[in-house]
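Shown next, in structure tokens, is the structure this report addresses.
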Amino acid sequence: MNPPERICLIAEGQLGDLLLLTPAIRALRGSFPRASITVLVVRRRSYDSRPARDPAVREHLAGGTADVLRADPCVDCVAEIDREALRALGGMRRLRAELGVVRWLREKEFDTVICTFPQDRFTLWAFLSGASRRVGEGGRSLSSLLTSRVAVPRGKGGVLDYYCALAEAAGARIGDRATGVVIGGEHRRRAEALWRSVHQGKCREVVAVHPGASGDYRIWPPRFYAQLIDRLQERGTCVLVAGSGFDRDVVEETLRACTRVPPRVFTDDVLDLAALLAKCTLLVSNNSGPRHLAVAAGVPSLALIPRFDDVGWKIYEDELRSGTMQSGAPCPACPADACRNTVPPGERYGSYCMRALGVDEVAARIALVLGSLSGRGARKATAASPSPPRRPAGGSGRRSPAGSRRRRRGSR
């Protein structure tokens with residue numbers, strides 16, 4: 001089969017998923033430097049609190065999690081479709097909207113479509129797109145519609161390896177698996193203004209705390225975070241609490257429980273958040289998108305994760321700089337080999353296994369990480385993605401996505 005010329009990756013729009021996709025995209029660019037690469041992002045929810053929009057494919061949006069790919073020099077085009085708006089439709093309106101996605105894919109004349117999330121809808125879109133090479137996870141009800149199937153399920157071998165395996169199945173050679181994010185000067189300037197507004201300039205070390213997550217069961221209880229923040233401030237560590245509009249409730253509940261309220265920053269711009277995290281010593285968070293944003297920006301992180309999340313999400317090799325913590329204690333609500341993500345009655349946040357993770361344990365781990373970083377002479381990280389592969393000389397060798405009047409350059 002000939003090398004791909006027009007590649008489309010159909011991707012889930014969660015922040016962590018998009019960041020973990022960057023090594024696979026970089027491998028596709030390095031292996032097929034003359035191909036155009038488009039990412040169709042199926043937005044599951046806004047990073048901010050904006051309501052769902054219409055269900056049509058849009059190519060020139062700005063804001064939201066997809067900004068981490070719009071800034072990526074390996075990506076030519078980012079398009080989005082709002083999953084909640086699509087799901088809100090019924091009957092013939094839903095069918096017409098789905099056919100609109102297929103029509104968009106066919107107009108682009110992609111020869112390769114990679115389904116990065118194991119969902120039958122994505123597989124069907126790929127099949128109906130007319131692409132000759134269709135890549136996705138095997139062993140599912142519509143996997144026979146794919147031309148290349150990855151044997152290891154997404155949830156069993158680690159999400160980062162899964163995405164790289166999909167790129168390999170499309171013919172790419174996988175090299176460096178480090179994730180990356182490109183932070184422009186405008187975002188750095190805004191982050192600097194936010195930084196100055198909360199008076200963090202005199203701190204030797206700053207621990208950022210991001211207590212939000214996409215599922216309430218994934219959230220370490222706010223009073224636990226508050227106790228941890230109090231401990232850190234007592235030992236002289238500066239703390240900065242960050243969140244978006246989506247996280248406002250859990251952030252405010254955390255701050256209300258603090259003995260001494262630390263500075264807080266709300267931003268709905270993921271690249272502003274990346275620039276802000278890049279000025280910190282360490283991020284403490286749940287298993288959420290900001291954890292992966294910190295790693296991509298080169299910032300040490302510690303993620304507090306549910307009991308069985310390590311199977312798919314304990315994915316970074318350096319456990320000091322990109323560590324995780326989870327409880328191994330028996331759960332009163334779940335069987336020994338599975339998690340039902342059960343939050344205790346009367347509580348809003350934190351499954352039983354998240355609540356089994358104690359403040360003392362987490363504080364001790366943070367002290368160990370900060371001590372090790374200080375011992376290494378660690379400095380604040382400067383966010384930059386791994387250097388993209390060199391493109392061929394001359395502009396005529398690259399193909400723009402068919403049906404596009406111009407290549408997207410403004411976001412690079």
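The values are calculated or read from the model by the stated rules, or taken from the named source; none is laboratory data. Here the structure is a predicted model, which means the values were calculated and not measured. Cβ atoms come from the backbone with ideal geometry, glycine included; neighbour counts cover every protein chain shown.
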Residues satisfying the stated conditions in the range 80-96, i.e. in a helix (DSSP H, G or I) and surrounded by fewer than 14 Cβ atoms within 10 Å (Cβ to Cβ): ARG87, GLY91, MET92, ARG93, LEU95, ARG96
If I go through the range 48-79 residue by residue, how many of them are modelled with pLDDT under 80, crowded, with 16+ Cβ neighbours inside 10 Å and either of a type in the set (Val, Ile, Thr) or under 21 Å from ALA35 (Cα atoms) (or both)? 0
Identify, by number, the condition in (1) surrounded by fewer than 18 Cβ atoms within 10 Å (Cβ to Cβ); (2) modelled with pLDDT of 50 or more; (3) among the hydrophobic types (A, V, I, L, M, F, W, C) that LEU357 doesn't meet. (1)
Among GLY346, GLY350, which is the only one that is assigned by TED's automatic domain parsing to the domain that holds LEU293, assigned to a loop (DSSP other than H, G, I, E, B), modelled with pLDDT of 85 or more and touching a Pro at 6+ places or on another chain (Cβ under 6 Å)? GLY350
I'd like to know if the range 54-67 contains one or more residues that are assigned to a helix (DSSP H, G or I), charged (D, E, K, R) and either under 30 Å from PHE266 (Cβ atoms) or not assigned by TED's automatic domain parsing to the domain that holds GLU12 (or both). yes
Return a yes/no flag: does the range 181-200 have any residue that is in contact with a strand residue (DSSP E or B) (Cβ under 9 Å, 6 or more places away or on another chain) and among the basic types (Lys, Arg). no
Those residues of the range 161-170 that are within 18 Å of VAL68 (Cβ to Cβ) and buried (at least 23 other Cβ atoms within 10 Å of the Cβ) come to a total of 2
Which one of the conditions (1) touching a Phe, Trp or Tyr at 6+ places or on another chain (Cβ under 7 Å); (2) more than 30 Å from CYS238 (Cα to Cα) does ALA329 fail to meet, given that it meets all the rest? (1)
For residues that are aliphatic (A, V, I, L, M), surrounded by fewer than 19 Cβ atoms within 10 Å (Cβ to Cβ) and in contact (Cβ under 8 Å) with a residue 24 or more places away in the chain, scanning just the range 171-205, find the one that is farthest from ALA71 (Cα to Cα). VAL198
Run down VAL152, VAL102 and say which single residue is hydrophobic (A, V, I, L, M, F, W, C), surrounded by fewer than 20 Cβ atoms within 10 Å (Cβ to Cβ), in a helix (DSSP H, G or I) and out of contact with any Pro (no Cβ under 7 Å at 6 or more places or on another chain). VAL102
Out of the residues in the range 274-288 meeting the condition of being modelled with pLDDT of 95 or more and touching a Gly at 6+ places or on another chain (Cβ under 9 Å), tell me which one is surrounded by the fewest Cβ atoms within 10 Å (Cβ to Cβ). ALA278
Using the structure shown, decide if VAL207 is outside any loop (DSSP other than H, G, I, E, B) and touching a Leu at 6+ places or on another chain (Cβ under 9 Å). yes
Give the number of residues within the range 119-149 that are assigned to a loop (DSSP other than H, G, I, E, B), of a type in the set (A, V, I, L, M) and in contact with a Phe, Trp or Tyr (Cβ under 7 Å, 6 or more places away or on another chain). 1
For the range 222-237, indicate whether the set of residues that are touching a helix residue (DSSP H, G or I) at 6+ places or on another chain (Cβ under 7 Å), at pLDDT 95 or above and of a type in the set (Phe, Trp, Tyr) is non-empty. yes
Looking only at the range 113-130, decide whether some residue is over 18 Å from GLU12 (Cβ atoms) and in contact with a Pro (Cβ under 9 Å, 6 or more places away or on another chain). no
Out of curiosity, is VAL39 modelled with pLDDT of 90 or more and part of a strand (DSSP E or B)? yes
